[in-house]
Structure formats: structure tokens, C-alpha cells
Amino acid sequence: MIPGGQFFQQIVNGLTVGAVYALIALGYTMVYGIIELINFAHGEIYMIGAYVGTIAAALLLGAGLPATAAIPLAIVAAAAITGLYGLSAERIAYRPLRKAGRLAPLISALGLSIFLQQYVLLAQGARDKVFPEEITSSGFTLGPVRVAFVQVLILAVAALLMVALQAFVRRTRMGRAMRCAAQDPVMASLVGVPVDRVIALTFIIGSALAAVAGVLVVMYYGKVNYLAGYTAGLKAFTAAVLGGIGNIPGAMVGGLFLGVVESLAAGYIGGEYKDVVAFVMLVVVLIVRPQGLLGVRVPDKI
Amino acid sequence: MLELSGVRANYGAIEALKGVDLEVKKGAIVTLIGSNGAGKSTALMAVSGLRPLSSGRITLEGEPIDGLPPEAIVARGVVQVPEGRRIFTRMSVRENLLMGAFLRRDRDGIARDLARVLDLFPLLRDRLKQNAGTLSGGEQQMLAIARALMGRPRLLLLDEPSLGLAPSMVKAIFDIIAEIRTEGVTLLLVEQNVNRALRIADDGYVLATGAVVLHDTPSRLLQNEDVKRAYLGDE
Ligand SMILES: Nc1ncnc2c1ncn2[C@@H]1O[C@H](COP(=O)(O)OP(=O)(O)OP(=O)(O)O)[C@@H](O)[C@H]1O
Ligand SMILES: [Mg+2]
């Protein structure tokens, strides 16, 4: 048994990691909601976001900007540039296969995932990319629980983005168009929704969110490498499945849930079991409850 | 207003339209009838830009519209209420109606048209906040037509609007169609309810296995022995 303080510490750490899973999971779930494709290259998009953010932060800090300005700017730059990667991925790897059944785009996704990994390996090398600013160590204590500032930052940014995404999808014209296209793309076209552009926008948003997650993680762990998209992608995919793939609030809850469960497993059973627990959950949910843990009815796609 | 000439379209190896010629005059109600699988829905989808032509031409007021993306066709005032209603079941009635006005930016005009369609379909008024998936079949059809009207159509394409509805609802739908026409909207109406459709229309086409086999005035089509035998048998 671990003491109570340890329990709360694991919850806090779990929520931190879970918030990151949730941000990545949103991209899986939004894309699935609209074109029923499991975008296996999404993990690599996240990894690219982490690289772009790290490089941007190094450049901005090198130019003499204080960390308080350089880091937010680096996050924005990572989101914007990685959004363009997502857009290109859709154009090049998926759009030409839109009418080619389900298997072809899936294979294309796997191919793209390998391509992006190798691309980063060639461009950046195999060694870990280290975040230019040491921020992990500073923090504060809440009773027995130690909270790093970067954890607060992760939770705050993730919460902000999730609220913003919900508002976008619920309240804006393009957000409504996105929900329509997810429900019935033919009918969406018949009311004048430019479905192709909505799909492209979905990729941009999903990739930008993953990029922010990527930068936050590099800040948290201090480094990233070209293989980082693999595990994170699988975890976030698990989170999306837990929440019911296609379901935006589900992805958020699924991410947090997975993060906490994983973290508790690491605390109670041992760190090496963390990934095992996640993937056992994925397999069990896929077999027993493929519609996800949330909700009884077919989840609201997007 | 709308003209199809030599329109061919296929699904893989199946040729669903084999050279369709059809004209809809401004201000008219034109009805398109034919048995199941004749290609009626395919013809409407071709007009809406969702089924590419393998050959032929579709013009709107003389300008070719085939090959345009669906949203460009909606923007030109050609709006379709498709078969099966296809309302957005996971959105409220109000959101469905607003989606009909997706391409419009005139807030005041949209608000006015919302009031107008609610006058036309009073039963939607009390259900504005309700999830559209919980409406009855008849109410969903009303919503589908109301949503299309929110797009301010100049030409409205209706695909079997009375399908599966109770007789009182069918009558209500045809009354609405007549009313829409008085507001200056041109209509192309695909119907299984041949009797009613011909009685409301100004012009009629009969489609069979992807080709127009008859084109005549509704009164003559109602007298036509082939039409009577094939489509009016049980009325
Ligand atoms: N998505 C599709 N894939 C393959 N074939 C199709 C598809 N949709 C229609 N068809 C075929 O095209 C032909 C015309 O179909 P269409 O739906 O246009 O007929 P319809 O006149 O509207 O019939 P109904 O009265 O049953 O609605 C039919 O032979 C049909 O089987
Ligand atoms: Mg049909």
C-alpha cells in the first residue's frame, strides 16, 4: 500500500498526463467523427508538434525573449505549423482515397506515420531533442502533494482548449457545419456546407491541439525523440475509444480517466505496468463495449 | 429555368440515367414520376451536384451548373429536400433550420425567414429547442422542407415528400407545396403519390429505367392508359 499522500500525488500526475492524452485524443475522435478514418499518423503529428515547439522556443529564447513570452509564442507557432502538416496530410494521404473504401486510407495512414517518423529522424537525428528551458523543477506543495508549475500550465491550457473547442463546435457557424458533416455529409452538402473544407479544418484543428500537447509534454519531461508519437498516439487512441470514438466530450473524459488509471497503476503496481494497464483497457473496451464507456446510446459523433 | 439535356450518370457499372432530357419552366411545378429504381433520386442528386454526370449538360437559366460543387449550386438558389428527409437528428429543430441558411449572411433576413417558416409550419414553433431526432415522421418532413426554405430557394427539388406519411399529413404537405409556389418558388417534385402530384403540377415527366418515356401535361398523363395502369392502379 502507498500512503494517502502518494495517492493524491498519483491523481495529480495522472490528470496531467491525462490532459495531454485528451488533447491528442480529440484529433483522433474529430477525424473519425467526420470521415470514419482512424488517423494512425496522428501520433506522429503530435511528435512533430513537440519538435516544432522545441525548435521555436530555442529560436525565441536565443533571440533574447524572456521565457514568459517565448514559451507561449512557441506553443502558438507549433500549433500553426503543425496544423499545416495536418492539412497537407489530409490533402496528400487521405483526400485522394476518400471514395476508395476503408482499407486504403488506413494503409495510407500507416504509411504516412512511418514517413513522418523517418522524416523527423533524417531532419533532426535520432538523439533526444531537449527543451531549451529547464522548467520542470519549480513548483509548490499542497499538503503532501507536490505540484510542478508545468503541471498547472498543462492542466490550464488543456482546460482552456477543451472549453474553446466545445464553444466552437456548439456555437459557431463552422462548428455547426462540422457537426452536420459528421452526422450526414450528403445532407450537409445539400444545405451548402463545403464538406471538403470542413474536413480540412478538422485536420487542422486536431493537429494543432496535438501540437500543443506535444509542446506541453516536452516541457514536462524535458525532451522528445522521433519515436515519441508511437506510444502517445496509442494512448490517446485508447482514450478516444474509452470515451466512444467520434465523441468530443468523450475523448476529454477518456483521456483524463486513462491518465489517472495509468498513474495509479504505476503507483500501486509498479511503473512498468503503466502501459500494460492502458492497452489491456483498450482491448477490453474494444471487445466488451466498443461504443465506449460513456453514455448508453450511440454517442453524439462530434 | 432548369434544363437537363442528355444527362447520363452511373454507379459503377450500373447506368442509372441514360440520357435524360427535362425542362422546368420558371414558376412552374414540374413532377417527375416513375417506379422504384427508375432514377428519379439520381436525377435530383445530379442537379444538386452530388452525382457526377458521365455525359450531358445541366443548365440553370442558361448557365451550366454540372460540375459545380454542391455548395455552389445551393448558392445559386437550387435547394433539395432529399428522399428520407435527412434531418440532423442530433441537433435541435432550431439548429436544423439555421443550417438551412448556412450560406446566408443576412442576419435580419434569416430571422425574418425563420418567423415565416414557423408561420408556415406552426407545429415546429413549440419544438424549436427539441432534439430533431425526436420528431415524428411527418414533423421531420415538415422540418426538412422548412430547412430548405431557410435557404431561400428559387428552385426547390422535393424527393418523395409524402412518402410514408398519414393521409392528413400528405394533404398538409401538398397544401404547403401549393403555398410555396405562390411565393414564386419553382418546384421539381418527385412523387410516388402520382395522382396528387399530377393534380398539383403544370407539367409531368415519366421516368423508366433511367430514361424519360413520357412527357405531357398532367391532365393528359392522368388519362394516359399506361400511366393509369402503372402508377394509378390502386387509387
Ligand atoms: N448508391 C448507389 N449505389 C449503386 N446503385 C445505386 C445507388 N443509388 C441508386 N442506385 C441504382 O440506381 C438506379 C436508380 O436509383 P434511384 O435511387 O435514382 O431510383 P428512384 O427512381 O429514386 O427510386 P425510388 O422510387 O425507389 O426512390 C437503381 O437501379 C438503383 O439500384
Ligand atoms: Mg428515389
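The values are calculated or read from the model by the stated rules, or taken from the named source; none is laboratory data. Please read all numbers here as calculations on a predicted model, not as lab measurements. Cβ sites come from the backbone with ideal geometry, for glycine too, and all protein chains shown count toward neighbours. Heavy atoms of the whole protein, side chains included, go into the accessibility calculation; ligands, DNA and RNA do not. Shrake-Rupley method; radii C 1.70, N 1.55, O 1.52, S 1.80 Å.
At a glance:
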{"quantity": "Chain lengthening between A:Ala123 and A:Val276 when straightened (0.36 nm per residue, less Cα-Cα)", "calculated": "51.9 nm"}
{"quantity": "Karplus-derived HN-Hα couplings along the range A:94-100 (A = 6.51, B = -1.76, C = 1.60, θ = phi - 60°), whole Hz, x at Gly and Pro", "calculated": "10, 4, x, 9, 3, 9, 9"}
{"quantity": "Ranked by how many other beta carbons lie within 10 Å on average, peptides A:181-190, A:93-102, A:241-250, B:75-84 from highest", "calculated": "A:241-250, A:181-190, B:75-84, A:93-102"}
{"quantity": "Per-residue HN-Hα couplings for the range A:16-25 [Karplus 6.51, -1.76, 1.60; θ = phi - 60°; Hz; x = Gly/Pro]", "calculated": "4, 5, x, 4, 5, 4, 4, 4, 6, 4"}
{"quantity": "Positive-end residue of A:Ala67, A:Gly101, A:Phe279, charge dipole of the range A:4-288 with Cβ unit charges", "calculated": "A:Gly101"}
{"quantity": "Charge dipole magnitude, Cβ of K and R +1, D and E -1 - the range A:4-288, Cα centre, debye nearest 20", "calculated": "680 debye"}
{"quantity": "Area accessible to solvent at B:Ser5, 1.4 Å probe radius, in Å²", "calculated": "50 Å²"}
{"quantity": "FRET E, pair A:Val283, A:Leu110, Förster distance 22 Å, beta-carbon r, rounded to 0.05", "calculated": "0.70"}
{"quantity": "Residue (of B:Leu128, B:His215, B:Val185) at the positive-pole extreme of the range B:86-235, dipole from beta-carbon charges", "calculated": "B:Leu128"}
{"quantity": "Long pairs among B:Lys26/B:Lys171; A:Lys99/B:Lys25; A:Lys235/B:Lys129; A:Lys99/B:Lys18, criterion Cα-Cα beyond 31 Å", "calculated": "A:Lys99/B:Lys25; A:Lys235/B:Lys129"}
{"quantity": "Shielding score for B:88-99, defined as the mean number of other chain Cβ atoms within 10 Å", "calculated": "4"}
{"quantity": "Rg ratio (alpha-carbon, reference 2.2 N^0.38 Å) - chain A", "calculated": "0.98"}
{"quantity": "A:Ala67-A:Ala100 FRET efficiency (beta carbon distance; Förster radius 51 Å; 0.05 resolution)", "calculated": "0.60"}
{"quantity": "Accessible area buried between chains A and B, both sides summed, probe 1.4 Å, in Å² to nearest 100", "calculated": "2100 Å²"}
{"quantity": "Where labels lie 7 Å past Cα in the beta-carbon direction, separation of A:Arg170 and A:Lys223 in nm", "calculated": "4.3 nm"}
{"quantity": "Per-residue [θ]222 nm for chain A (sum of -39500 (n - 2.57) over DSSP H runs n ≥ 4, rounded to 500)", "calculated": "-24500 deg cm²/dmol"}
{"quantity": "Sparse-neighbourhood loop sites, GluC sites (Glu not before Pro) in the range B:173-208 - DSSP loop, at most 11 other Cβ within 10 angstrom", "calculated": "B:Glu183"}
{"quantity": "Ordering of A:14-26, A:76-88 by burial proxy (mean other Cβ atoms within 10 Å per residue, highest first)", "calculated": "A:14-26, A:76-88"}
{"quantity": "Dipole magnitude of the protein assembly as shown about its Cα centre (Cβ charges: Lys, Arg +1; Asp, Glu -1), debye to nearest 20", "calculated": "600 debye"}
{"quantity": "Rounded to whole Hz, the Karplus (6.51, -1.76, 1.60) HN-Hα couplings of the range A:211-228, x for glycine and proline", "calculated": "5, 4, 4, x, 5, 4, 5, 4, 5, 6, 8, x, 7, 8, 9, 5, 9, 4"}
